[in-house]
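First up is the structure itself, then whatever we jot down about it.
Every number in this text was worked out from the coordinates using simple rules, so none of it is lab data. Not measured: the values here are computed from a predicted model. With ideal geometry, Cβ positions are generated from the backbone for all residues, glycine too; neighbour counts draw on all protein chains shown.
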């Protein structure tokens, strides 16, 4: 045990937030599900907050650059695949406009959720899982229909009880905040 007492682990996203490095040269199709948080303007709070924000800005720029590289490679047909992110909307894939969470709910509530290593509530986990399933379904159907067995069965979201907008708004209204400074215990 002593040999690993000073071992420090971190999220792989510190280096490659989209997990592309191990697969982009070898995989035929690349499916990217970006669980990174959205980056919004925020008012200044303090010197300590500002220093942390500078790091966030740098990290956001690196992620944005990698996303632009990936998507431009899809467009130029250098790579085959698709991308969907935490703040994406089903409508952005121009398919079945009656599916998915309403755009305003995605923008104001779902995309504002925490993406740290803190534990998720049952509501947070269910809504994120639903949102991810729906986005993956429309993204693959639009950009890689060759991966879909025909005829394709309609997608069944895993947590139908968490599709109701008022319930989601109410349950996730404070999802973007941590309950305790060091997380939930």
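Observations on the structure shown:
- Using a simple spin-label model with pseudo-atoms 7 Å out from Cα toward Cβ, residue 159 and residue 174 lie 1.8 nm apart.
- Note: the stretch 64-174, Cα convex hull, 122 Å³ per residue.
- Theoretical gain in end-to-end length, residue 25 to residue 60 [0.36 nm per residue, Cα-Cα removed]: 10.2 nm
- Which of 30, 48, 110 has the fewest Cβ neighbours within 10 Å, and the rest in rising order: 48, 30, 110
- Backbone N under 18 Å from the residue 91 label point (7 Å along Cα→Cβ), restricted to the stretch 125-158: 131-132, 134-136, 138-139
- Sequence-distant contacts, meaning Cα pairs under 8 Å at least 6 residues apart, place the relative contact order of the stretch 18-115 at 39 percent.
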